[in-house]
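Below: the structure, in structure tokens.
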Amino acid sequence: MNESYAETAVKRKPTMTSMLIKVLMVAACVFMLLFGMNWFGMFTVAVVGLLVLACVLIFPYLSVEYEYVFCDGQVDFDKIYSGNKRKTATRIDFENVEIMAPAGSHALDSYTHAQVKTLDYTSGSSNGKIFAIMLRQGEQLTRILCEPNEKMLAAIKQKAPRKLSEY
């Protein structure tokens, strides 16, 4: 049995937008607690309760970790919210992949002028080694950006050596 399996997880760096949303929501809660009684009276308690509920529901979606699982020619990209809620974002089969190469590689030059849909599953930091997977689904060309580890690259190279370009 020649099964290959590899997995890796990458935590997404907090974006400026997510930090701004957190700060504004906490500031709105504090502002309503301090000054809401003068304007809204007893209705302030309900407003603060709704703001706290909104914080509890929204904050987990602002902390995302991506997990890549390669198993026998199939890659699953999962999103993990706040370390406890998992959602499968994309599942691809390497039979449909045209090429996998480091982002910015000359192997991807032939795809620069095409209409491409991009899915970003990277950490967002500048020090990671980002790979682009070019995938054709019917007429649609999709670029998936990810940061696989060395074990995953070795498993992909073993399963589909002509589709992986490491330069």
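Bear in mind these aren't lab numbers, they're just calculated from the coordinates by the rules spelled out. Just so it is clear, the structure is predicted and the values come from calculations on it, not from any experiment. Note that we place each Cβ from the backbone using ideal geometry, even for glycine, and neighbour counts take in every protein chain shown.
A few remarks follow.
- Summing Lys and Arg as +1 and Asp and Glu as -1 over all other residues whose Cβ lies under 10 Å from the Cβ of Thr88 gives a net charge of +1.
- Where both bridge residues fall in the chain, DSSP classifies roughly 85% of the beta bridges as antiparallel.
- When DSSP beta bridges are restricted to pairs lying wholly in the range 106-167, around 60% turn out antiparallel.
- Cβ-based charge dipole, the chain, positive-most Cα from Cys146, Tyr61, Leu33: Leu33
- In a fully extended conformation the segment linking Ser4 and Glu166 would gain 56.4 nm over its present Cα-Cα distance, using 0.36 nm per residue.
- Kirkwood hydrodynamic radius of the range 16-61, from inverse mean 1/r over distinct Cα pairs, in Å: 10.9
- Rh by Kirkwood over Cα pairs, then Stokes-Einstein D for the chain at 1.567 mPa s and 4 °C, µm²/s: 70
- Förster radius 30 Å - calculated FRET efficiency between Lys22 and Thr112, Cβ distance, rounded to 0.05: 0.25
- At R0 = 35 Å, FRET efficiency that the Cβ-Cβ distance of Phe35 and Ser63 yields, to 0.05: 0.75
- Cβ-defined net charge surrounding Pro14, 13 Å radius [Lys, Arg +1; Asp, Glu -1]: +3
- Taking Cα atoms only, the orientation of helix 43-58 departs from the longest principal axis of the chain by about 10 degrees.
- Most mobile listed residue (Ala155, Ala28, Ala103) in the chain, GNM with C-alpha springs under 10 Å: Ala28
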